[in-house]
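The values are calculated or read from the model by the stated rules, or taken from the named source; none is laboratory data. The shown structure was predicted, so the numbers you read here are calculated from the model rather than taken from an experiment. Cβ placement follows ideal geometry from the backbone for every residue including glycine, while neighbour counts extend to all protein chains displayed.
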Amino acid sequence: MKMNMDMFTLKLDKNISLEKSNADYINPCCTNCDVILYQIKPQIQNLFPNSNFEIGQEDWGWYLIFNKDEFVYNLHLSFYDELSSADEYLFYSFVKKKTKKFLVTIKSDDVEESNKFQELIKPIFSKLGLVTLTN
C-alpha cells in the first residue's frame with residue numbers, strides 16, 4: 001500500500017502571532033515554522049495525551065514528532081519565500097508503526113493511521129487561522 005504523504009499549502013490568515021520567535025533559523029524555509037508548531041502543539045497534545053512531544057529544526061524546516069502506543073507521528077512544516085505570498089507554508093504528515101522483530105524495532109509506514117492523523121490536524125490548523133490552499 002502506498003504511503004499517504006500529501007503535501008498541503010497553508011496560508012496564514014489572522015490568529016497566529018509570528019513575533020515571538022527567538023530561534024536562529026538554519027535556512028529561510030525555517031522562518032516562523034517553530035512559532036506555528038508551538039501554537040498547535042497543545043491542541044495536538046489534547047488529542048494524544050500522555051505522549052512525548054519533540055519540536056526541532058532541520059535544514060528544510062521544522063518538525064513535531066511524538067509517540068503514542070506503537071505509532072510515531074510526524075508533522076513537518078516549511079516556509080518557502082518562492083511561494084506567491086509571504087504567508088504561505090508547506091506541511092506534510094505521516095505515521096510510522098513500530099514493530100519489534102527479534103531484537104530490532106522496525107518502523108514502517110502506516111497509511112490508515114496517517115490518513116486519520118491528517119484528518120485530525122486539519123481542523124487544528126483551520127482553528128488557528130491556517131487555511132488549506134492545495135493538497
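Annotations
- Filtered by the rule that a residue be at pLDDT below 85 and either closer than 14 Å to TYR63 by Cβ or not in a loop (DSSP other than H, G, I, E, B) (or both), region 1-26 gives MET5, MET7, PHE8, THR9, LEU10, LYS11, LEU12, ALA23.
- Evaluation of PRO42 against the conditions (1) farther than 22 Å from ALA23 by Cα; (2) not in a strand (DSSP E or B); (3) not basic (Lys, Arg) shows that the sole unmet condition is (1).
- From LYS96, LYS107, LYS68, LYS100, residue being closer than 28 Å to TYR25 by Cβ and at pLDDT below 90: LYS96
- Checking each residue in region 23-54 for being without any contact (Cβ under 8 Å) to a residue 40 or more places away in the chain, loosely packed, with under 14 Cβ neighbours inside 10 Å and hydrophobic (A, V, I, L, M, F, W, C) picks out only ILE26.
- Among the residues making up region 90-117, a single one is among the acidic types (Asp, Glu) and part of a strand (DSSP E or B): ASP109.
- Long-range neighbours under 9 Å by Cβ, at least six apart or interchain, first residue at positive phi within region 55-78, second part of a strand (DSSP E or B) and buried (at least 18 other Cβ atoms within 10 Å of the Cβ): GLY61/HIS76; GLY61/LEU77; GLY61/SER78; GLY61/PHE79; GLY61/TYR89; GLY61/LEU90; GLY61/PHE91
- In the condition set (1) buried (at least 19 other Cβ atoms within 10 Å of the Cβ); (2) at pLDDT 85 or above; (3) aromatic (Phe, Trp, Tyr), PHE79 is compliant with all but (2).
- Whenever a residue of region 116-135 is closer than 15 Å to VAL95 by Cβ and surrounded by 12 or more Cβ atoms within 10 Å (Cβ to Cβ), its partners that are among the β-branched types (Val, Ile, Thr) and at pLDDT 80 or above, lying with C-beta atoms within less than 7 angstrom and at least six residues away or across chains, give the pairs PHE117/VAL95; ILE121/ILE44.
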